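A.B. asks: First the structure, then my questions, so here it is.
The values are calculated or read from the model by the stated rules, or taken from the named source; none is laboratory data. Quick caveat, the model's predicted, so the values are computed rather than measured. Quick reminder, even Gly has a Cβ in these numbers, built from the backbone with ideal geometry, and neighbours come from all protein chains shown.
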Amino acid sequence: MIHQTRARLTDPITSHEAAEGLDINRSQTLVLERARTMPEPFTDQQLELAFVADPPPGPRLSPQRIRSARRELHVLGLIDFTGYTAPATGRRRCLWRAVSGAQNAPSGVMGDPA
């Protein structure tokens, strides 16, 4: 597994300590597994709410970590962008789906998520 946790050089030591303790492969695996059970397509908000409604065992994933893991999985080609919502009011949201036939678990982490 390629594991490179990131914190900015200007971040306080507590941020660096937290980054070192982050299990990125675990969060990617949990997000991919959950994405495969979601109705397609789904938004990041729906994915986050699925983790609130039925949290996996172990440490809780923050909404930010869920979104970051989803983006990393998208970069790895395991989750596809399918379009946008068409709300009557408010802002559009991106729609996603798990790629069928993709590998079961991420083997590594791509670069720093944007």
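A.B. asks: Based on what the data block shows, is Glu33 out of contact with any helix residue (DSSP H, G or I) (no Cβ under 8 Å at 6 or more places or on another chain) and not hydrophobic (A, V, I, L, M, F, W, C)?
C.D. replies: yes
A.B. asks: Among the residues that make up segment 59-78, is at least one of them surrounded by 12 or more Cβ atoms within 10 Å (Cβ to Cβ), among the hydrophobic types (A, V, I, L, M, F, W, C), assigned to a strand (DSSP E or B) and modelled with pLDDT of 90 or more?
C.D. replies: no
A.B. asks: For segment 33-44, indicate whether the set of residues that are over 18 Å from Arg97 (Cβ atoms) and at pLDDT below 95 is non-empty.
C.D. replies: Checking segment 33-44: not a single residue is over 18 Å from Arg97 (Cβ atoms) and at pLDDT below 95.
A.B. asks: Would you tally the residues in segment 87-114 being more than 12 Å from Leu32 (Cα to Cα), at pLDDT 90 or above and not basic (Lys, Arg)?
C.D. replies: So the answer is 2.
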